[in-house]
1. Considering only protein heavy atoms, with the full assembly of protein chains and a 1.4 angstrom probe, order 187, 201 by accessible area, largest first.
2. Against the longest alpha carbon principal axis of the chain, how many degrees, from 0 to 90 and to the nearest 10, is the axis of helix 9-27 turned?
3. Name the most mobile residue of 47, 104, 191, meaning the one with the largest mean-square fluctuation, in a Gaussian network model of the chain with Cα contacts below 10 Å.
4. For region 50-118, what's the relative contact order in percent, using C-alpha pairs closer than 8 Å and at least 6 residues apart?
5. Quick one: if you stick a label point 7 Å off each Cα along the C-beta vector at residue 59 and residue 182, how many nm between them?
6. Calculate, for residue 17 and residue 82, the FRET efficiency according to 1/(1 + (r/R0)^6) with r their C-beta to C-beta distance and R0 25 Å; round to the nearest 0.05.
7. Go ahead and set up a Gaussian network model of the chain, Cα springs under 10 Å, then flag whichever of 15, 46, 186 fluctuates most.
8. Specify the angular offset, from 0 to 90 degrees and rounded to the nearest 10, of the alpha carbon long axis of helix 168-202 from the longest principal axis of the alpha carbons in the chain.
Amino acid sequence: MSIKFMDDTNEINYGLKLFNEKADKLFRLSFVETMFKAKTGVSFSGKTNDDGTVEFTSSRRGPDEEAIDAFVLTFRFFIQDNEKSSFRNLAKYYENSKIDSSLKNDFNNIRKEINDFLDKSATIVFKFNNEQLTRRKIMETFLYGELSHSNDINKKRMYDVWMHMPPFTHMIENEFVYTLAIILKGIEIIKEINKKALEQIMN
């Protein structure tokens, strides 16, 4: 069975370039500096009051709401398939073009690593409604339940419940930003693969 290569080199060229442009934009955002140059995580504290009651509090260190919102605004270009720069669309470009097989393998390997990472359980084992939460489930609930758009009623309801369950709220927020940071490392690797692929396409 012969492979049918894409005739529209311009579309492939556009998709790879758009991916790299959006990757560069992500790395200019304050989210990145906070995640990789500061201490992030969740802190817990408790004390016994004079009346014998116990007071328990938690807080999250890391990107604030504004930084997360700005990051997600550009991050959606990699995960929404109506964008030419999405992971899935790039996979089609690599599969159906005359890009060198070694670069295709490099791209497929890092994409598989990203998907495997997302499909694993969260760093801290979370169960909700008797369901083991994967990083993908957490990421999609944040993105489509609140941050990117909230037209998925089930995800919106789940997100709202999570936000009213301290200290679970801070723990799952931390897992979300950690997941974004790891995917960002994968995006950086793909950007370098794209550079080499674009050189081949242009020659």
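1. Values: 187 0, 201 40 Å².
Output order, biggest surface exposure first: 201, 187.
2. 30 degrees
3. 47
4. On the way: 21 pairs, mean separation 9.5, N = 69.
The normalised contact order for region 50-118 reaches 14 percent.
5. Distance between label points: 2.7 nm.
6. Values: r = 18 Å, r/R0 = 0.70.
Once rounded, the FRET efficiency stands at 0.90.
7. 46
8. That works out to roughly 10 degrees.
The values are calculated or read from the model by the stated rules, or taken from the named source; none is laboratory data. Because the structure is predicted, anything quoted here is derived from the model rather than measured. Note that each Cβ is placed from the backbone with ideal geometry, even for glycine, and that neighbours are counted across all protein chains shown. These accessible areas exclude ligands, DNA and RNA; they are computed on the full protein's heavy atoms, side chains included. Shrake-Rupley method; radii C 1.70, N 1.55, O 1.52, S 1.80 Å.
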